[in-house]
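The structure appears right after this line, and notes come after that.
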Amino acid sequence: MEIPGYGRIEFKAVLFDLNGTLGSNGRVPEDVKELLKKLSEKYTVVVLSADTFGTLEEEFNGLPVKIERISSGFEKARIAENYLPYVAVGNGNNDIPMLEKAELAFCVVGKEGASVDALLVSDIVVMDVRDAIEMLLNEKKLIATLRR
């Protein structure tokens, strides 16, 4: 996609953090799962998580989403490289290496907040992951936000 004054953005995958980004306490709202289904029709959707709450497989069972279990931000970035070029969506310090290597990075400032450093390495800041997904589903919203 070409964004006036910003440049060309190409990606094949969208990578998400779980806790604080897609959901809270290891749980993902049903409407977010529906949006992930729609997004998976256009892109490879991947969730990278340390699975702090032990819900990773259960939450994404039956969804067209790849899951990757990680133990650190550096491991998250290393695994993310397998999906280049990608868009990253996160909120925490352990997301920073993944956000930095992304073609486009979203920081979600949800109920759990976001780290300042994650915010500073992101291209777009949203208050809810639904907004990030909807922007990826409707490229005109991305163009409106990023054009110069």
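The values are calculated or read from the model by the stated rules, or taken from the named source; none is laboratory data. Here the structure is a predicted model, which is why all the values come from computation and not from measurement. For the accessible areas, the whole protein counts, side chains as well, though only heavy atoms, and no ligand, DNA or RNA atoms are used. Shrake-Rupley method; radii C 1.70, N 1.55, O 1.52, S 1.80 Å.
Surface calculation, 1.4 Å probe, protein heavy atoms: VAL126 sits at approximately 10 Å² accessible.
Can you show me the helix-derived [θ] at 222 nm for the chain, built from DSSP H runs with n ≥ 4 at -39,500 (n - 2.57) apiece and divided by the number of residues, rounded to the nearest 500.
Taken over the chain, the calculation gives -9000 deg cm²/dmol.
The accessible surface of the range 25-148, taken with every protein chain in place and a 1.4 Å probe, is 48 percent carbon and sulfur. Largest first, the residues GLU58, GLU81 sort by 1.4 Å accessible area into GLU58, GLU81. A quarter of the convex hull surface defined by the alpha-carbon atoms of the range 1-51 gives 4.5 nm² as the mean projection. Entry comment: accessible area of the chain is 48 Å² per residue, from protein heavy atoms only and a probe of 1.4 Å. All C-alpha pair distances within the chain, sorted into 10 Å bins from zero, spread as 12, 47, 36, 5, 0 percent across the bins. Distance between the C-alpha centres of the range 68-109 and the range 1-17: 15 Å, rounded to the whole angstrom.
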